[in-house]
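Got a structure here, written out as structure tokens. Questions coming.
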Amino acid sequence: METVSHHGRETVYEVADRGGDGPPICFVHGSGSSRDVWSAQHCLADRNPVVALDLSGHGDSDDIDARAGYATLSAYVDDVLAVLEATDSRVLVGNSLGGAVALQLLIERDTDLDAAVLVGTGARLGVLEDLLDWLANDFERAVEFLHGPDRLFHDPEPELEEESKKQLRETGQAVTHRDFLTCHGFDVRDDLGAIDVPALALCGEHDQLTPPWYHEYLAEEIDDAWIAELEDAAHLAMVEQPTAFNAALGEFLDIVFERGDAA
């Protein structure tokens, strides 16, 4: 575990490095989650160092005093930028809220990245009003709802589902509610043309939270983008189908670097 100090707080991240000579990949988790959600991607460190961070208020990172919405999103972007700079990461991967953070960073900030992977996310992330109400007033009901069929998972092993529920409870109601409210206000549909790095929109075929057509839209609106759909997976495809996920990510990076897109 390592830390980087910025904007008066510390952001925690970890690096898995198994001697791969590819550029580091930085992974950003989604709402109510932590860097642990990317544990199945550590095996990619044979080819690329793997960097995974905890956004502010998640895992071991310091929290922020910010209203849900743009203020929170901007703070999360600051977290990611600090880790990108500390680790010289060249590829950015974001899931769900983490995908929104990645999109906001690519649109608004001056970055020097080689590629981006947008997982279980969209240019707009409206949240069901009932879910927002449960997150505010009946957190256990929200946790159970998110683990219903084809939401976070399609057909998970019981231990995966229990670990996911545990993570939401550890993050806690306040931060998780803030995350989902921030997603609810996110909308960059008019700004995708500003993204000038190769991108992969990667989704689970059964994802009802951010359906495949969200990713089709990203692939259509971003100038240099592909789409990949994973079978037998929902929102957390990297957890539920890690072998297929890692293969799709590796194939995308092979294309990017063989084309000579990387600096």
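The values are calculated or read from the model by the stated rules, or taken from the named source; none is laboratory data. Just so it is clear, the model here is predicted, and its values are computed rather than measured. Positions of Cβ are generated from backbone atoms using ideal geometry, with glycine treated the same way; all protein chains shown enter the neighbour counts. When the accessible area is computed, the model is the full protein with side chains, heavy atoms only, and any ligands, DNA or RNA have been set aside. Shrake-Rupley method; radii C 1.70, N 1.55, O 1.52, S 1.80 Å.
If we only count helices (runs of 4 or more DSSP H) wholly inside segment 186-263, which ones have 2 or more residues that are under 18 Å from R90 (Cβ atoms) and not basic (K, R)?
Of the helices (runs of 4 or more DSSP H) lying wholly inside segment 186-263, those with at least 2 residues that are under 18 Å from R90 (Cβ atoms) and not basic (K, R) span 242-259.
Kindly provide the set of residues from segment 90-107 that are open to solvent by 10 Å² or more (accessible area, probe 1.4 Å) and either of a type outside the set (A, V, I, L, M, F, W, C) or closer than 22 Å to A45 by Cβ (or both), ordered by number.
Kept after step one, since they are open to solvent by 10 Å² or more (accessible area, probe 1.4 Å), are these residues of segment 90-107: 90, 96, 104, 106-107.
Selection gives R90, S96, Q104.
Out of (1) within 26 Å of L132 (Cα to Cα); (2) touching a Pro at 6+ places or on another chain (Cβ under 7 Å), the odd one out for P24 is which?
(1)
Would it be correct to say that A40 is part of a helix (DSSP H, G or I), at pLDDT 95 or above, under 26 Å from E163 (Cα atoms) and of a type outside the set (K, R)?
Yes; evaluated as a whole, the condition is true for this residue.
Matching residues to (1) in contact with a helix residue (DSSP H, G or I) (Cβ under 9 Å, 6 or more places away or on another chain); (2) open to solvent by less than 20 Å² (accessible area, probe 1.4 Å); (3) not charged (D, E, K, R):
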position: D46; (1), (2), (3): no, no, no
position: A52; (1), (2), (3): yes, yes, yes
position: G59; (1), (2), (3): yes, no, yes
position: D79; (1), (2), (3): yes, yes, no
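I'd like the full set of residues that are in a helix (DSSP H, G or I) and closer than 17 Å to I222 by Cα, limited to segment 76-111.
Across segment 76-111, the qualifying residues are G99, A100, V101, A102, L103, Q104, L105, L106, I107, E108.
Further question on the same structure: Can you report the number of residues in segment 129-154 which are loosely packed, with under 14 Cβ neighbours inside 10 Å and either under 15 Å from C183 (Cα atoms) or at pLDDT below 95 (or both)?
So the answer is 3.
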